[in-house]
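Colleague: Can you keep this structure in mind? I'll have questions shortly.
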Amino acid sequence: MISDAELTRCEHCGTPFRPKTDERFCCQGCLYVSQVLKDDGFERFYELKGNTTLPPVGSKVFQDAATDWLEHIQAHAEAAAPARVASAELGIEGISCLGCVWLIEALFKRQAGSSNIRIDARSGEIGLTWIAGHFDLPGFARELQQIGYRLAQRTEQTTEHSSTRQLTFR
């Protein structure tokens, strides 16, 4: 049995782990995301996250993000955009705390052409509005994926799952 004295908490996600030497992160994904947040000036994430333990990022930040489907969604939204303001309702994976919501909002606001963002952490849904022709939805998705979040298509299954999550949350 491992004693608490042998464990340390990951500086990014808070997961207890047994360090091999003077390691501060449970995995390379958490180390990478922590460095990205520091380099981009998003260290407030840790203040807002507080003592919340997040699932470790693991290796998914190193995987290529499939964004072809987002190009289609962006083109369709911009073609139907009244007054050149386009919007999309999507799913988002990986949110676990207020720090996550703040970080995603901050990242969105620094994107060219961004207008408004609405995130429902309980349902895993995100609503975006942007100026048509000035925003890169697939590029935004790739940036999110680099720090452990993934945009997803909204489906009936997502909506059903959202209802269950909301009941669980309550």
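Colleague: List the relative contact order of the chain as a percent without decimals, with contacts defined as Cα pairs under 8 Å and 6+ residues apart. Could you put the intermediate results ahead of the total?
Modeller: Values: 246 pairs, mean separation 35.6, N = 170.
The value is 21 percent.
Colleague: Could you identify which residue out of T21, T53, T67 has the top mean-square fluctuation in a GNM of the chain using Cα springs shorter than 10 Å?
Modeller: Of T21, T53, T67, the most mobile in the Gaussian network model is T21.
Colleague: Compute the acute angle (0 to 90°) between the alpha-carbon long axis of helix 156-169 and the principal axis of greatest extent of the alpha-carbon atoms of the chain; round to the nearest 10°.
Modeller: 50
Colleague: Now, a different point. Applying a 10 Å radius around every beta-carbon, put 75-83, 145-153 in order of their mean neighbour count, most first. Can you show the working numbers first?
Modeller: On the way: 75-83: 12.8, 145-153: 19.6.
Packing order, densest peptide first, comes out as 145-153, 75-83.
Colleague: Oh, and also: Projected area of the chain, taken from the Cα convex hull and averaged over every viewing direction, in nm²?
Modeller: Mean shadow area of the hull around the Cα atoms is 11.7 nm².
Colleague: Ignoring ligands, DNA and RNA, what percent of the 1.4 Å accessible area of segment 1-132 is carbon and sulfur? Intermediate values should be presented prior to the final figure.
Modeller: On the way: 3720 of 7450 Å².
Taking all protein chains in place, segment 1-132 shows 50 percent carbon and sulfur surface.
Colleague: Would you grab the residues whose amide H sits under 5 Å from the one on G58? Only those 5+ places off in sequence or on another chain, please, with H modelled 1.01 Å from N.
Modeller: Counting only residues 5 or more places away or on other chains, the set is G29, C30.
Colleague: In deg cm²/dmol, rounded to 500, what helix-only [θ] at 222 nm does the chain give when every DSSP H run of at least 4 residues adds -39500 (n - 2.57) and the total is split over its residues? Present the calculation step by step, with values, prior to reporting the outcome.
Modeller: Details: 6 runs with 66 residues, N = 170.
After summing the helix terms and dividing by the residues of the chain, the value is -12000 deg cm²/dmol.
Colleague: Using a 10 angstrom cutoff on alpha carbons, build the Gaussian network for the chain and name the most mobile of F45, F25, F17.
Modeller: Fluctuation is largest for F17.
Colleague: Just need log10 I(q)/I(0) for segment 28-84 at q = 0.19, 0.22, 0.25 Å⁻¹, Debye formula, equal scatterers on the alpha-carbon atoms, no solvent, rounded to two decimals.
Modeller: For segment 28-84 at q = 0.19, 0.22, 0.25 Å⁻¹, log10 I(q)/I(0) is -0.81, -0.87, -0.97.
Colleague: Pop out the ³J(HN,Hα) list for segment 27-37 in order, Karplus 6.51 cos²θ - 1.76 cosθ + 1.60 with θ = phi - 60°, rounded to Hz; leave Gly and Pro as x.
Modeller: Once θ is set to phi - 60°, the couplings for segment 27-37 become 7, 5, x, 5, 4, 4, 4, 4, 5, 4, 4 Hz.
The values are calculated or read from the model by the stated rules, or taken from the named source; none is laboratory data. Please read all numbers here as calculations on a predicted model, not as lab measurements. Neighbour counts are summed over all protein chains in view; Cβ atoms, including those assigned to glycine, are modelled from backbone coordinates with ideal geometry. Ligands, DNA and RNA are stripped out before the accessible areas are found, and what is left, the full protein with its side chains, is counted by its heavy atoms. Shrake-Rupley method; radii C 1.70, N 1.55, O 1.52, S 1.80 Å.
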